[in-house]
Amino acid sequence: MRKPELRSKSKEKLLDAAEELMLIKGFAATSVDEICREAKLTKGSFFHYFENKEHLGKAVLERFCSSSRQKMQEECCPKEGDPLKRIYNYADFAIKMAKDPKLSKGCLIGKLAQELSDTYPQIRSLCANGFNEWAKMLKKDLKEAKNKYAPKASFEVESLAEHFIAILEGSQVLAKAKRDNRIVERNMQHFKQYLKILFKR
C-alpha cells in the first residue's frame, strides 16, 4: 500500500496535467488518456482519485480558483496600504501575468464557463462562484477606496468589480485570438485611467 503522501503527490500530478491541458485545449478536447500520459501515471491511478473526467474538472477548477485568489492577495493586497493602490495593483498584476509565458495561458474559469455552461451545470455553478469570490475581493477594496476618495460618487462598487473582471477576461480572449498579449496590458491601462477619472486621483 502506498504512503498517504505519495497518493497525494499522484493526485496533484493529475490535477497539474489536467489544468495544463485544459488551459490549452479546453475540457472536451482533453482526454483522460492524455492527462495520464502527461502526469506519467496509469488510468488506474486516475480512477483511484476521480470517478470520471467531470469529477476531475470540478477538482481542477476549485483548485484553480483557490490558488488564483491566494496569488492575487499575496501580490496585490498587503495588510497595510491604500485601498485604491491595491486596485491598481490588481491591474498591474494582470499585466505582469500576461507578460509571463508561464502565466499567460488564460483563465481556466473563463475558459470552462464559455465551453461548458450549457452542458455541465455543476461546473457552470463553480465558475459563477469563482467569479463571485473574485468580485467580492475586489469589491472590498473598491468600497474602502470609494469611502475614502469618492464618498458622494454615484457608481456602484459591485458593478465596477465585475467590470474589471469582464475587461480582463475579454482581453484574454482577444489576446488568444490575435496572438497578442499586449492587448491585456493596453486594456488594463485603460481601466486604470478610468479609475483615475472615477476617483479623481
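The values are calculated or read from the model by the stated rules, or taken from the named source; none is laboratory data. The structure presented is a predicted model; accordingly, all values stated were derived computationally and were not measured. When we count neighbours, we look across all protein chains shown, and the Cβ atoms used for this are built from the backbone with ideal geometry, even at glycine. Surface accessibility is based on the protein's heavy atoms, side chains included, excluding ligands, DNA and RNA. Shrake-Rupley method; radii C 1.70, N 1.55, O 1.52, S 1.80 Å.
Between their Cα atoms, which of Lys140/Lys192; Lys11/Lys136; Lys143/Lys192 are more than 28 Å away from each other? Write down the numbers at each step before the final one.
Details: Lys140/Lys192 17 Å; Lys11/Lys136 30 Å; Lys143/Lys192 16 Å.
Violating the 28 Å limit, Cα to Cα: Lys11/Lys136.
In whole angstrom, how long is each semi-axis of the equivalent ellipsoid of region 61-138, when you take the square root of 5 times every eigenvalue of its Cα gyration tensor and sort them from largest down? Provide the component values of the computation, followed by the final result.
Working: eigenvalues 125, 45, 18 Å².
The equivalent ellipsoid of region 61-138 has semi-axes of 25, 15, 9 Å.
In degrees, nearest 10, range 0 to 90: what is the angle between the Cα axis of helix 83-99 and the longest Cα principal axis of the chain?
Between the helix axis and the principal axis of the chain, the angle is about 50 degrees.
For the Cα atoms of the chain, what angle does the longest principal axis make with the long axis of helix 4-25, in degrees from 0 to 90, nearest 10?
60
Note the full-extension length gain between Ala150 and Gln70 as 0.36 nm times their separation in residues minus their Cα-Cα distance, in nm to one decimal. Don't skip to the answer; put the middle values down first.
Values: separation 80, 0.36 × 80 = 28.80 nm, distance 2.83 nm.
The Ala150-Gln70 span can extend by a further 26.0 nm.
Per residue, how large is the accessible surface of region 65-201? Use a 1.4 angstrom probe and give square angstrom.
Working: 8030 Å² over 137 residues.
With the other protein chains kept in place, region 65-201 gives 59 Å² per residue.
Rounded to the nearest 10 Å², what accessible area does Tyr49 show when all protein chains are kept and the probe is 1.4 Å?
Approximately 40 Å² of Tyr49 is accessible to the 1.4 Å probe.
Give me Rg/Rg_expected for the chain, where Rg uses Cα atoms only and Rg_expected = 2.2 N^0.38 Å with N residues. Walk me through the numbers before you get to the answer.
Details: Rg = 18.9 Å, N = 201, 2.2 N^0.38 = 16.5 Å.
Ratio of Rg to 2.2 N^0.38 Å for the chain: 1.15.
Quick one: net charge around Pro151, please, counting Lys, Arg +1 and Asp, Glu -1 for every other residue with C-beta under 14 Å from its C-beta.
Values: positive: Lys143, Lys146, Lys148, Lys152, Lys200, Arg201; negative: Glu144, Glu156.
Summing Lys/Arg as +1 and Asp/Glu as -1 gives +4.
Once phi is turned into θ = phi - 60°, what whole-Hz ³J(HN,Hα) does the Karplus curve with 6.51, -1.76 and 1.60 give for every residue of region 53-64, x standing for Gly and Pro?
Calculated HN-Hα couplings, in order: 5, 4, 4, 4, x, 5, 5, 5, 5, 4, 5, 4 Hz.
Share of the chain's accessible area from carbon and sulfur, percent, 1.4 Å?
Reported share for carbon and sulfur atoms: 51 percent.
Take every Cα-Cα distance within region 81-178, group them into 5 Å bins from 0 onward, and report for each bin the whole-number percent of pairs it holds.
Result returned by the calculation: 2, 12, 19, 21, 19, 13, 8, 4, 1.
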